[in-house]
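No lab work stands behind these numbers, since they all come straight from the coordinates. Bear in mind that the values here come from a model prediction, so they are computed numbers and not experimental data. Positions of Cβ are generated from backbone atoms using ideal geometry, with glycine treated the same way; all protein chains shown enter the neighbour counts.
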Amino acid sequence: MITFEDVTLTYPGASEPTLREVSFTVEEGDLAVVVGRTGTGKSTLLGAINGLVPHFTGGTLAGDVRVAGRSTAHNRPRDLADVVGWVGQDPRAGFVTDTVEEEIAYGMEQLGLRPAAMRKRVEETLDLMGIAALRRRPLADLSGGQQQRVAIAAVLAAQPRVLVLDEPTSALDPTAAQDVLSALTSLVHEVGLTVVLAEHRLERVLHQADTLLWLPQDTHGVVVGPPSRLLLTCDVRPPLAQLARALHWDAVPASVRDARRRVQREHLRVTAPAVVPLSTAPARVSVRDLTISYGSLTAVNRLSLDLRPGEVTALMGRNGAGKSSLLWALQGGLPSTGSVSVDGRDPRTLSAPQARRLVSLVPQTATDLLYLPTVAAELAQADRETGSQPGTAAEILSSLGSRLPPQADPRDLSEGQRLSLVLALQLCAEPGVILLDEPTRGLDYAMKDHLSRTVSRLAHEGHVVVVSTHDVEFAAASQRTLVMADGDVIADGPTREVLTSSPAFAPQTTKVFSPTAVLVPDEVRGAR
Amino acid sequence: MTPVHPWAWWAWALGLAAALSMTTNPLQIVLIVLAVCAVVLLRRSDAPWARSLRIYAVLAAFIIAMRLFFFIVMGSGGGTTVLFTLPQIELPSWAAGIRLGGPVSAEGLVFTLYDAGRLAAMLLCLGAANALANPKRALRSVPAALYEASVAVVIALSVAPQLVESVQRVRRARRLRGGAARGWNAVTAVVIPVLADAIDRSLSLAAGMEARGFGRTRDQRPPSPALTGGLLAAMLAATLGAFLLLGSASPPLGGALLVLGVAGTVWGLRVGGRRLSVTRYRPDPWTARDSLLAASGCAAAATMALVGTGEWPTLYAAFHPATSPLTWPTLHPLMLVVAGLAVAPLALTRAPLPATTHPGHLGEAAA
């Protein structure tokens, strides 16, 4: 269905090609998952399928890309609209109209379909994606998962034979992501569509994937193979792949069920490490009866909490549960009632530069803090605005294990590099409390490991660290876990206790060895 | 029941705005405003754009407040009933004709109030059209030749609220860096992230539109010079005709030119539209009901225009109550007729069904 023949792609001004002599075939009806570290050219590969690369992005493409027999060399992306459906990361950024029905019809209007045929296909597509109930709803009022399903429906209406999705779940919370991915797998199984997608959280799609397209670092090539073999060697390691390596298995189980069966068959015995009790050090942050409201909506409801140094606290819960509001209120940047005390002072009453020395927050869109043209300029500005010795911020950055080219534009960095930069800028003020709002979005497994080591180190140095996250695997590395729902804290305790007590918040390793309370693959290394 | 054609709502609202521009009687103005508000509240959908009436109401109140403020501070003389006297500031001789402070007369105050109220009411009519008819949907019904222009306007309309959201987010984030940037830096600290955000979004929108086939059916050959020239000439003729007609210099010639020009423009747009074979999904049908709706607004405007000719002096006086000397405005039966035309949509249409057919994720989306 999709054939790449000796494809070499070079962007203008780049010293070496992004893809070099890439050849592979994706069979009709396959679900192919593109994996690779950040910056290896996953988006480029996906864009090349419908010709957005190089027709839209620029660059030179040597070799041949064919989809359903049509070459992208002679067909512009718009000419392939009835063969390849392409869906981007943020559904909101791609909407052209206002309501669900009009958005679905938009593509067909462009193709010049007869109104009667259009009407029929809209109805079919609404049913196929299970969004018939939303048909008249304004797009802006939908939840993230619903929006992404509408975006998929909108390209499906043109009845393409291939669906290409570039990280369709990266802007969604886990429930919404599951919603979208299950819709996709039913398209593969029920409709026979060929689907190619890139996904950072591989554990979500692994059990459905037929083929893996792996882009190794530095070689600019593509390695194609079945997930169970390829994941043993590749540099992208979802939890089950880490588990297979820790247990020296010869294949990576596709799902928790497969892994559980193998564990039972091999009579593996594991022992859970003891639960580490929470720290008893004096609290540095203490919150009493904190309430945050937006109009009639109560985001945080009479919440009381103590945070102690030396621990990383993971803050979990659905979108809209009040996690971000809580973090912003702790920093003093959001009006709230009740008492907040950080080292005996209330950040709400302090000026912005003073509050920053007490509590530092890395917001969800970390790039909002960056406005200078180079990394060096940002670091120098951080030194100036905190009154530190020149070079302090640069030193902090290298102590975080990040070496960034000083003349690079911060906006050209990868998500992980940008996060390190913003963290260094924020640490320059030497705050006692560090809050990170959803830092794991868009990070690959290696970057998440790195972040996890960084926050542990900060906690060991005596900082109070709170990280809000949707990622249970990331939360597993923390010492304390808080779960919020509807403005309340519904669970609070040592991470091992909270995460192993319910399947909803359990990491994959825990599910495999349940009821034994293990959290990460490292804890079962070499078990027999 | 088919939804009302967006242009029918606009015709109704613009007709009422035109009618309002031809009266200063506060009773008539209040009657029309009440009618418009009633129609909006009872006939709007639950979509985001339907909530816009409040913004227009605030704007209207602001207009009235500003006019009154400027009248009280800088009001011109005239009127004998002095309500109160502000201390007057002597201005240098070159500013003769401008007065700061001084006596404030009841006559002047009432005149200003009538005039500002009329302007505010006209603004409310526009707000009503916006709330009742999605402007983007209205743009879907433009001739095919204007398709690209309407797409650009639609995108601009959706980018504006996103830009506001982006600015709010970045401004909030500035506190996290201590808000230390001053002067030019403070501007770039907000503008750069917002612009970068906007550019990223436009690029992904453009990529999405390209991938969905935008512009695929467009005829790539340049349009014929005869068509372009003809269209331009027709539009010039229409403009000149309108100018002559309104200037009353030569009404018959003006009328003829206007008709010719409009006909030529319609022909040009139709021919031009054939270059693009984009189809329309469920185009809004124009029904007899829509014609009646548009006619109700236009009839209100026409009634006022007849009164405005001055053929019936008593009628004219009723619609333009004197403010010097002050008189009570009187209610003429014809005003009730105009107000009746303004509420006609309530009889002609039914309330739209709620778009939400199940409770769904509204709370989630709001958070």
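Checking the table A:K42/A:K323; A:K120/B:K136; A:K42/A:K448 against a 27 Å threshold on Cα-Cα, which pairs fail? Kindly include the intermediate steps, with their values, before the conclusion.
Details: A:K42/A:K323 31 Å; A:K120/B:K136 24 Å; A:K42/A:K448 18 Å.
Going by Cα-Cα distance, A:K42/A:K323 fall outside the 27 Å limit.
Out of the trypsin sites (Lys or Arg not before Pro) in the range A:239-289, which ones are loop residues according to DSSP with at most 13 other C-beta atoms within 10 Å?
A:R269
Dipole magnitude of the range A:2-234 about its Cα centre, charges +1 at Lys/Arg Cβ and -1 at Asp/Glu Cβ only, in debye to the nearest 20? Display every interim value, and only then the final one.
Working: 20 positive and 29 negative charges, 52 e Å.
Computed charge dipole of the range A:2-234: roughly 260 debye.
Which value in deg cm²/dmol, rounded to the nearest 500, describes the helix-derived mean residue ellipticity at 222 nm for chain A, given -39,500 (n - 2.57) per DSSP H run of n ≥ 4 and division by the residue count?
Values: 19 runs with 176 residues, N = 528.
One gets -9500 deg cm²/dmol as the mean residue ellipticity at 222 nm.
Size of the dipole of chain B about the Cα centre, Lys and Arg at +1 and Asp and Glu at -1 on the beta carbon, nothing else charged, in debye to 20? Intermediate results must be reported in sequence, preceding the final value.
Numbers: 29 positive and 14 negative charges, 281 e Å.
Rounded to the nearest 20 debye, it is 1340 debye.
Report Rg (one decimal) and Dmax (nearest whole number) for chain B, counting Cα atoms only, units Å.
Both quantities, over Cα of chain B: 25.9, 72 Å.
Scanning chain A for GluC sites (Glu not before Pro) in DSSP loops with at most 11 other Cβ atoms within 10 Å, what's the longest stretch left with none?
Numbers: sites that count: A:E27, A:E461.
The reported range is A:28-460.
Label-point separation (nm) for B:S202 and A:V191, each offset 7 Å from Cα along Cα-to-Cβ?
If labels sit at B:S202 and A:V191, their model points lie 3.2 nm apart.
Given a Förster distance of 35 Å, report the FRET efficiency between B:Q162 and A:R528 from their Cβ-Cβ distance, rounded to the nearest 0.05. Kindly include the intermediate steps, with their values, before the conclusion.
Working: r = 56 Å, r/R0 = 1.61.
Computed FRET efficiency for B:Q162 and A:R528: 0.05.
Suppose every K and R has +1 on its Cβ and every D and E has -1 on its Cβ; what is the size of the dipole of the range A:183-262 about the Cα centre, in Debye to the nearest 20?
Taking the Cα centre of the range A:183-262 as origin, the dipole is about 380 debye.
Counting pairs of alpha carbon atoms under 8 Å apart in space and at least six apart in sequence, what relative contact order in percent does chain A give? Show your work: numbers first, answer last.
Working: 1045 pairs, mean separation 77.1, N = 528.
Once normalised by length, the contact order is 15 percent.
Give the relative contact order (percent, whole number) for chain B; include only Cα pairs under 8 Å separated by 6+ residues.
31 percent
Across 20 Å bins from the origin, how do the percents of Cα pairs in the protein assembly as shown run, short distances first?
Going out from 0 Å in 20 Å bins, the protein assembly as shown shows 12, 36, 33, 16, 3, 0 percent.
What percent of all Cα-Cα pairs in the range A:2-234 falls into each 10 Å bin, going from 0 up to the bin containing the maximum distance?
Answer for the range A:2-234: a P(r) of 8, 33, 36, 19, 4, 0 percent.
What does the average come to when, for each residue of peptide A:105-114, you count the partner chain Cβ atoms lying within 10 Å of its Cβ?
Working: counts 4, 7, 7, 5, 10, 12, 7, 7, 3, 1.
Partner-chain Cβ atoms within 10 Å, mean over residues of A:105-114: 6.
Mind jotting down the distance between the C-alpha centroids of the range A:31-91 and the range B:25-72, whole Å?
Rounded to whole Å, the Cα centres lie 51 Å apart.
Calculate the spin-label point distance for A:R345 paired with A:L297, positioning each point 7 Å from the Cα along the beta-carbon direction, and give it in nanometres.
Taking the simple label geometry, A:L297 and A:R345 are separated by 3.3 nm.
For the range A:212-302, just run the numbers: alpha carbon Rg, then divide by 2.2 N^0.38 Å, N being how many residues it has.
Values: Rg = 22.7 Å, N = 91, 2.2 N^0.38 = 12.2 Å.
In units of the globular-protein estimate, the range A:212-302 measures up at 1.86.
Compute the Rg to Rh ratio over the range A:245-368 from the alpha carbon atoms, using the Kirkwood formula for Rh, and round to two decimal places.
Value, to two decimals: 1.17.
According to the Cα gyration tensor, what semi-axes, each the square root of 5 times an eigenvalue, does the equivalent ellipsoid of the range B:1-54 have, listed from largest to smallest in whole Å?
Values: eigenvalues 106, 37, 17 Å².
Equivalent-ellipsoid dimensions as semi-axes: 23, 14, 9 Å.
Quick one: length gained pulling A:D486 to A:R453 fully straight, 0.36 nm per residue minus the C-alpha distance?
On the way: separation 33, 0.36 × 33 = 11.88 nm, distance 3.05 nm.
The span from A:D486 to A:R453 would gain 8.8 nm if fully extended.
With unit charges on the beta carbon (Lys/Arg positive, Asp/Glu negative), name the residue among B:Q88, A:Q426, B:T188 whose Cα is farthest towards the positive pole of the charge dipole of the protein assembly as shown.
Working it through, the farthest residue towards the positive pole turns out to be B:Q88.
If you average the sequence gap of Cα pairs under 8 Å that are 6 or more apart and divide by the length of the range A:2-234, what percent do you get for the contact order? Before the final figure, lay out the partial values.
Values: 431 pairs, mean separation 65.0, N = 233.
Value for the range A:2-234: 28 percent.
Rounded to the nearest 0.05, what FRET efficiency do B:T85 and B:A65 give with R0 = 25 Å and r taken as the Cβ-Cβ distance? Could you check? Don't skip to the end; give the middle numbers.
Numbers: r = 21 Å, r/R0 = 0.86.
In this case the efficiency is close to 0.70.
Starting from the 7 Å offset along Cα-to-Cβ, what nm value, one decimal, do you get for the label separation of B:I155 and B:L315?
5.1 nm
Could you estimate the translational diffusion coefficient of the range B:248-358 from the Stokes-Einstein equation, with Rh from the Kirkwood formula over C-alpha pairs, at 37 °C and 0.692 mPa s, in whole µm²/s? Present the calculation step by step, with values, prior to reporting the outcome.
Details: Rh = 19.1 Å.
In µm²/s, the coefficient is 172.
May I ask which residue of A:I292, A:S501, B:I63 lies farthest towards the positive end of the charge dipole of the protein assembly as shown, with charges of +1 (Lys, Arg) and -1 (Asp, Glu) on Cβ and the Cα centre as origin?
Ranked along the dipole, the leading option is B:I63.
In terms of modelled amide H atoms, which long-range or inter-chain residues lie less than 5 Å from the amide H of B:S105?
Long-range HN contacts for B:S105: B:L83.
On full extension of the chain, what length is gained from B:L260 through B:N185, given 0.36 nm per residue of separation minus the C-alpha to C-alpha distance? Intermediate results must be reported in sequence, preceding the final value.
Values: separation 75, 0.36 × 75 = 27.00 nm, distance 5.67 nm.
Answer, rounded to one decimal: 21.3 nm.
If you find the alpha carbon centre of the range B:195-244 and of the range A:507-528, how far apart are they in angstrom?
Each part's Cα centre sits 61 Å from the other's.
To the nearest whole number, what is the average tally of beta carbon atoms from other chains within 10 Å of the beta carbons of peptide A:51-62? Numbers along the way, then the final one.
Working: counts 2, 4, 0, 0, 1, 5, 2, 0, 0, 0, 0, 0.
Mean number of neighbouring Cβ atoms from other chains: 1.
Taking the Cβ of A:Q508 as the center, what net charge do the other residues with Cβ under 9 Å away carry, scoring Lys and Arg +1 and Asp and Glu -1?
On the way: positive: A:K511; negative: A:E203, A:E473.
Net charge in that neighbourhood comes out at -1.
Starting from the amide H of A:T99, placed 1.01 Å from N in the peptide plane, find each other amide H under 5 Å away whose residue is 5 or more places distant or on another chain.
Those lying under 5 Å, H to H, from A:T99 are A:L139.
Report the FRET efficiency, 1/(1 + (r/R0)^6), for A:E123 and A:E16, where r is their Cβ-Cβ distance and R0 is 45 Å, rounded to 0.05. Please list the in-between numbers first.
Values: r = 49 Å, r/R0 = 1.09.
The computed FRET efficiency comes out at 0.35.
With no solvent and one equal point scatterer placed on each C-alpha of the range A:1-123, evaluate the Debye formula and give log10 I(q)/I(0) for q = 0.11, 0.19 Å⁻¹, two decimals.
Taking Cα atoms of the range A:1-123 as identical point scatterers yields -0.45, -1.13.
Kindly point out which whole DSSP H helices in chain B project their C-alpha atoms 20 angstrom or further along the helix axis while averaging a Kyte-Doolittle hydropathy of 1.0 or above. Write down the numbers at each step before the final one.
Numbers: long enough: B:6-20 (21 Å, 1.11); B:26-43 (25 Å, 2.53); B:53-74 (31 Å, 2.26); B:106-132 (38 Å, 1.20); B:147-174 (40 Å, 0.47); B:183-211 (42 Å, 0.95); B:225-247 (33 Å, 1.80); B:251-273 (32 Å, 1.19); B:288-308 (29 Å, 1.11).
TM-like helix candidates: B:6-20, B:26-43, B:53-74, B:106-132, B:225-247, B:251-273, B:288-308.
Over all residues in A:130-141, what is the mean tally of Cβ atoms on other chains that come within 10 Å of each residue's Cβ? Provide the component values of the computation, followed by the final result.
Numbers: counts 0, 0, 1, 4, 6, 2, 10, 10, 9, 2, 7, 10.
Rounded to a whole number, the mean comes out at 5.
If you take the charge dipole of the range A:2-234 about its Cα centre, with +1 on Lys and Arg Cβ and -1 on Asp and Glu Cβ, which of A:P227, A:A198, A:A154 is farthest toward its positive end?
A:A154
Given N residues in chain A, what is its alpha carbon radius of gyration divided by 2.2 N^0.38 Å?
Working: Rg = 24.4 Å, N = 528, 2.2 N^0.38 = 23.8 Å.
Output field value: 1.02.
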